[in-house]
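Novice: Here's a structure for you.
The values are calculated or read from the model by the stated rules, or taken from the named source; none is laboratory data. Note that the structure is predicted; figures quoted are calculated from it, not measured. For neighbour counting, all protein chains shown are included, and Cβ atoms are generated from backbone atoms with ideal geometry for every residue, glycine included.
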């Protein structure tokens, strides 16, 4: 082989080799993040989510990519958002609450789903048992529903004269019926009278407080729900303005000025 032909061949090889090596690299895994809320209600938890990934050796944009899908409190959008993540064949789906978890479960039986829910995942039908989840789901339970009785007891300890409690529940939440039953049972056990207010919009929250101004309940119990967390400033402001003791399930609402969680 002539020297000029050899150099030309080597020059071509220096171009082809990096391309071939690049083609052999594994694609960056993609995590799908599905949530029925809006990002502003999840600021602190997203920060913790990224910190947890980093502790495990994963950094967004470096060795893993995260695709976010937010329903902005519009539950009817969740199925299509979940279907989009399935079409993208993400490596895993992370869900932040019960509605998004149930929709993700219905969307795929093969992609791993890591959930965070507010009540017993066995009762919700998400897993077979706590010891052996089975299927493609696993996660954690925040016990928002299970601690309803304890929250009422603490409210009574804080305000001993309490006899009438107004309860705010989001009817669009899948655990609203369970929460209503549990709160009612817990209230009866300690001699409290409750009045349920079903609210799922900012306007309905304002309307409920207009009723509180007229009827003056002794305290307010706000159910655990992502919608209420997204309206934390409104809820905290109204309870302070009208001087009504209130208990919330979310730490974020207490940080925004609410009395206790």
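Novice: Does any residue of the range 162-179 turn out to be part of a helix (DSSP H, G or I), exposed (fewer than 14 other Cβ atoms within 10 Å of the Cβ) and within 26 Å of the chain's Cα centre (by Cα)? Spell out how you get there, then give the answer.
Specialist: Our first condition is that a residue be part of a helix (DSSP H, G or I); within the range 162-179, this holds for 176-179.
Narrowing the set further to residues that are exposed (fewer than 14 other Cβ atoms within 10 Å of the Cβ) leaves 177.
Next, from what is left, pick out any that are within 26 Å of the chain's Cα centre (by Cα): 177.
The answer is yes; a qualifying residue exists.
Novice: Let me ask another. If you take the residues in the range 210-222 that are assigned to a helix (DSSP H, G or I) and touching a strand residue (DSSP E or B) at 6+ places or on another chain (Cβ under 9 Å), which one is surrounded by the fewest Cβ atoms within 10 Å (Cβ to Cβ)?
Specialist: Residues of the range 210-222 that are assigned to a helix (DSSP H, G or I), as a first pass: 210-215.
Going one step further and asking which of them are touching a strand residue (DSSP E or B) at 6+ places or on another chain (Cβ under 9 Å), we end up with 211-212, 215.
Values: 211: 13, 212: 19, 215: 10.
Per the criteria, the residue is 215.
Novice: If you don't mind, another one. Please give the number of the condition residue 162 fails out of (1) at pLDDT 90 or above; (2) under 25 Å from residue 48 (Cα atoms).
Specialist: (2)
Listed here are the residues, each with its yes/no results for (1) part of a strand (DSSP E or B); (2) under 13 Å from residue 96 (Cβ atoms); (3) modelled with pLDDT of 85 or more.
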position	(1), (2), (3)
23	no, no, no
26	no, no, no
57	no, no, yes
62	no, no, yes
69	yes, yes, yes
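Novice: Assess whether residue 148 counts as being farther than 24 Å from residue 76 by Cα, buried (at least 20 other Cβ atoms within 10 Å of the Cβ) and either in contact with a strand residue (DSSP E or B) (Cβ under 7 Å, 6 or more places away or on another chain) or modelled with pLDDT of 95 or more (or both).
Specialist: Numbers: farther than 24 Å from residue 76 by Cα: yes; buried (at least 20 other Cβ atoms within 10 Å of the Cβ): yes; either in contact with a strand residue (DSSP E or B) (Cβ under 7 Å, 6 or more places away or on another chain) or modelled with pLDDT of 95 or more (or both): no.
No.
Novice: Consider residue 158 against the criteria (1) surrounded by 14 or more Cβ atoms within 10 Å (Cβ to Cβ); (2) within 17 Å of residue 253 (Cβ to Cβ): it satisfies all of them except one. Which criterion is unmet?
Specialist: Residue 158 satisfies every listed condition except (1).
Novice: Also, I was wondering about something else. Out of the residues in the range 28-49 meeting the condition of being farther than 15 Å from residue 116 by Cβ and surrounded by 14 or more Cβ atoms within 10 Å (Cβ to Cβ), tell me which one is modelled with the lowest pLDDT.
Specialist: Applying the filter and picking the extreme gives 38.
Novice: Would you confirm, using the coordinates I've provided, whether residue 110 is assigned to a loop (DSSP other than H, G, I, E, B) and farther than 19 Å from residue 247 by Cα?
Specialist: Numbers: assigned to a loop (DSSP other than H, G, I, E, B): yes; farther than 19 Å from residue 247 by Cα: yes.
Yes: the conditions hold for residue 110.
Novice: Go through the range 94-107 residue by residue and tally those that are closer than 16 Å to residue 227 by Cα and in a strand (DSSP E or B).
Specialist: Of the residues in the range 94-107, the ones closer than 16 Å to residue 227 by Cα are 95-101.
From what's left, in a strand (DSSP E or B): 95.
Going through the range 94-107 one residue at a time, the tally reaches 1.
Novice: Considering only the range 116-139, I want to know if a residue exists there that is within 28 Å of residue 203 (Cα to Cα), outside the structural domain of residue 192 (by TED's automatic domain parsing), without any contact (Cβ under 8 Å) to a residue 40 or more places away in the chain and crowded, with 22+ Cβ neighbours inside 10 Å.
Specialist: Checking the range 116-139: at least one residue is within 28 Å of residue 203 (Cα to Cα), outside the structural domain of residue 192 (by TED's automatic domain parsing), without any contact (Cβ under 8 Å) to a residue 40 or more places away in the chain and crowded, with 22+ Cβ neighbours inside 10 Å.
Novice: Assuming residue 99 fulfils every condition listed in (1) under 19 Å from residue 176 (Cβ atoms); (2) in contact with a strand residue (DSSP E or B) (Cβ under 8 Å, 6 or more places away or on another chain) apart from one, which condition is it?
Specialist: Single failed check for residue 99: (2).
Novice: Of the residues 192, 235, which is within 28 Å of residue 40 (Cβ to Cβ), touching a strand residue (DSSP E or B) at 6+ places or on another chain (Cβ under 9 Å) and not assigned by TED's automatic domain parsing to the domain that holds residue 119?
Specialist: Working: 192 fails: within 28 Å of residue 40 (Cβ to Cβ).
From the options 192, 235, the qualifying one is 235.
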